[in-house]
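The values are calculated or read from the model by the stated rules, or taken from the named source; none is laboratory data. All of these numbers come straight from a predicted model, not from anything done at the bench. Every residue, glycine as well, gets a Cβ built from its backbone with ideal geometry; the counts of neighbours run over all protein chains shown.
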Amino acid sequence: MSDLSVRRMADGFATRRDETLADPRHSTRTAAILGISLGVCFSVCFLTGLYSHFAQHPPGWFTLPASPTGLYRVTQGLHVATGIAAVPLLLAKLWSVYPRFFQWPVVQSLPHLLERLSLVPLVAGALFMLFSGVANIDLWYPLPLFFPTGHYWVAWLTMGAMATHIGAKLATTRQALRPSAAPTSAPVPASASASRLPPDPGAPDDAIVRRRFLTMVGGASALLTVVTIGQTVEPLRGLALLAPRRPDTGDSGFPVNNTAAEAHVLEKIMDPAYRLRVDGAVPAPFELTLADLQARTQHEAELPIACVEGWSASRVWRGVRLRDLLDAAGAPTGVHVTVHSFEDGLYAKSEINPGQVEHPDTLLALAVNGAALSPDHGYPVRLIAPNRPGVMQTKWLSRIEVHA
Ligand code: HEM
């Protein structure tokens, strides 16, 4: 054992902690750089997550636009990609700052106490958000709570705690990122400077150690992104080695989240007496058989199916325009529509706002990529409309209800 090691072992706990703080990987500058990267990822994730939430539960002031048709595909792809990229950043940040948890005195003043208390929701919330999100894209729900509600409310808590943290650390961050601050590490506690070992002439300097560490963390983040982003970015599909879903595999060449058997609709959709009813606030309600639907003018539209779990795939859909059926029933323009499924539960129906109702690509699809819909993709007829989350592209339609 070298002299250096023997002397290190002899150092007391406090000195070792202080030396750890003097390590550039645990410096304020490293914490600030990782913090800013996390701040960017969490902010993009939060804003795109809010957009997804409002798309599914629109408050009075929000209207889901019909175009750009692929907007939800981009926002939800970004949501999942930034969440995945944040995993190595969060682990590295927590490792980088852990020696600060053992600093003495634990609390120095009331503002310091409040700042430290805000770290509880920040750290717990950030870990919860990334764990629950990654579990969700794997369709794994180990926590005893309803995922969308838990993920949504903890996001607000985490972002509130992050805003407090940024407020508390802004001046320190600015100072640590000044070019003149670069060569030094964290403010080295007196005990560490006093007892620091003589510098090893062969050791790389602080800036190099920090750069290597940050490059490794950034590299891990970039690598995770590259091996998963192909679930929504078509040219990178071949690299999507860790993506839970490949959007080009599955029944009819794309994934199915909920099969007809799982939704208990097989008997109803296969019934030869199947009818699609168009009713509600219309002067001339009517019913159509599948043959009636097939005999009407068919339209084609290339639209993405963009899942909340982050995968998406563009397909050519063929079917009857929703607007054509509404014209036949005498519905004026500007109406809201509810489409009802044979499925029970959360996805038994979805709302279509007037902008999406009037869009020429809003179809009651009977076929995809040249073949009739399979039972798992919504046979006999499903909704496909521009810029909607996949869960709102309702399958196994039984009724089109028009609202005044
Ligand atoms: C999910 C996001 C984040 C988490 C979980 C997180 C977590 C933490 C924790 C636990 C500490 C140690 C606190 C202490 O004992 O003083 C810390 C320190 C620090 N954070 Fe963050 N942070 C996040 C985002 C940010 C952001 C966005 C910034 C940039 C404004 C930032 C800048 C800093 C700085 C500069 C320090 C070191 C302060 C010092 O040396 O006194 N952090 N962070």
Query - Residues that are among the basic types (Lys, Arg) and under 28 Å from the mean Cα position of the chain (by Cα), drawn from the range 359-404 - result: Arg382, Arg388, Lys395
Report task. Kindly provide the set of residues from the range 317-358 that are touching a helix residue (DSSP H, G or I) at 6+ places or on another chain (Cβ under 9 Å) and acidic (Asp, Glu), ordered by number. Result -> Glu351, Glu358
Report summary line: Given the conditions (1) assigned to a strand (DSSP E or B); (2) under 24 Å from Asn257 (Cα atoms); (3) modelled with pLDDT of 95 or more, every one holds for Asp376 apart from (1)
Query raised in the report: Before we move on, is Thr338 within 17 Å of Gln56 (Cβ to Cβ), polar (S, T, N, Q) and surrounded by fewer than 19 Cβ atoms within 10 Å (Cβ to Cβ)?
Result: yes
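This table checks each residue for (1) closer than 29 Å to Gly218 by Cα; (2) under 18 Å from the mean Cα position of the chain (by Cα); (3) within 15 Å of the ligand (Cβ to nearest atom).
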{"site": "Ile33", "(1), (2), (3)": "yes, no, yes"}
{"site": "Gly39", "(1), (2), (3)": "yes, yes, yes"}
{"site": "Thr48", "(1), (2), (3)": "yes, yes, no"}
{"site": "Ala55", "(1), (2), (3)": "no, yes, no"}
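Looking only at the range 179-222, how many residues end up being modelled with pLDDT of 50 or more, farther than 15 Å from Ser37 by Cβ and part of a helix (DSSP H, G or I)?
8
For residues that are in contact (Cβ under 8 Å) with a residue 12 or more places away in the chain and within 17 Å of the chain's Cα centre (by Cα), scanning just the range 149-173, find the one that is nearest to the ligand (Cβ to nearest atom).
Quick first cut of the range 149-173, residues in contact (Cβ under 8 Å) with a residue 12 or more places away in the chain only: 150-152, 154-155, 157-162, 164-166, 168-169, 172-173.
When the remaining residues are screened for being within 17 Å of the chain's Cα centre (by Cα), the result is 150-152, 154-155, 157-159.
Details: Gly150: 17, His151: 15, Tyr152: 17, Val154: 12, Ala155: 11, Leu157: 12, Thr158: 7, Met159: 9 Å.
That would be Thr158.
Quick one: in the range 238-275, which of the residues that are polar (S, T, N, Q) and surrounded by 13 or more Cβ atoms within 10 Å (Cβ to Cβ) is modelled with the highest pLDDT? Before you say what the answer is, go through the steps one by one.
Taking the range 238-275 and keeping what is polar (S, T, N, Q), we get 249, 252, 257-259.
This time we only want the ones that are surrounded by 13 or more Cβ atoms within 10 Å (Cβ to Cβ), so: 252, 257-259.
Details: Ser252: 83, Asn257: 88, Asn258: 91, Thr259: 95.
In this case the residue turns out to be Thr259.
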Query raised in the report: Any idea how many residues of the range 127-164 are touching an Asp or Glu at 6+ places or on another chain (Cβ under 7 Å) and among the β-branched types (Val, Ile, Thr)?
Result: 1
Requested in this report: Looking only at the range 276-295, count how many residues are within 17 Å of Leu397 (Cα to Cα), surrounded by 14 or more Cβ atoms within 10 Å (Cβ to Cβ) and not β-branched (Val, Ile, Thr).
Outcome: 10
Report summary line: The helices (runs of 4 or more DSSP H) lying entirely within the range 60-177 that contain at least 1 residues which are buried (at least 20 other Cβ atoms within 10 Å of the Cβ) are 71-97, 119-137, 147-177
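Given Pro111, Pro88, Pro105, Pro99, which one is closer than 22 Å to Thr215 by Cβ and modelled with pLDDT under 95? Write out each step before concluding.
Values: Pro111 fails: closer than 22 Å to Thr215 by Cβ; Pro88 fails: modelled with pLDDT under 95; Pro105 fails: closer than 22 Å to Thr215 by Cβ.
Within the list Pro111, Pro88, Pro105, Pro99, the selection yields Pro99.
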Query raised in the report: What's the number of the condition Gln56 fails, among (1) over 22 Å from Thr173 (Cα atoms); (2) of a type in the set (S, T, N, Q); (3) in contact (Cβ under 8 Å) with a residue 60 or more places away in the chain; (4) out of contact with any Pro (no Cβ under 8 Å at 6 or more places or on another chain)?
Result: (4)
Requested in this report: Scan the range 84-103 and report the pairs whose first residue is within 9 Å of the ligand (Cβ to nearest atom) and whose second residue is of a type in the set (Gly, Ala, Ser) and in a helix (DSSP H, G or I), with Cβ atoms within less than 6 Å and a gap of 6+ or a chain change.
Outcome: Leu89/Ser37; Leu89/Ser221; Leu90/Ala126; Ser96/Ala31; Val97/Ala31
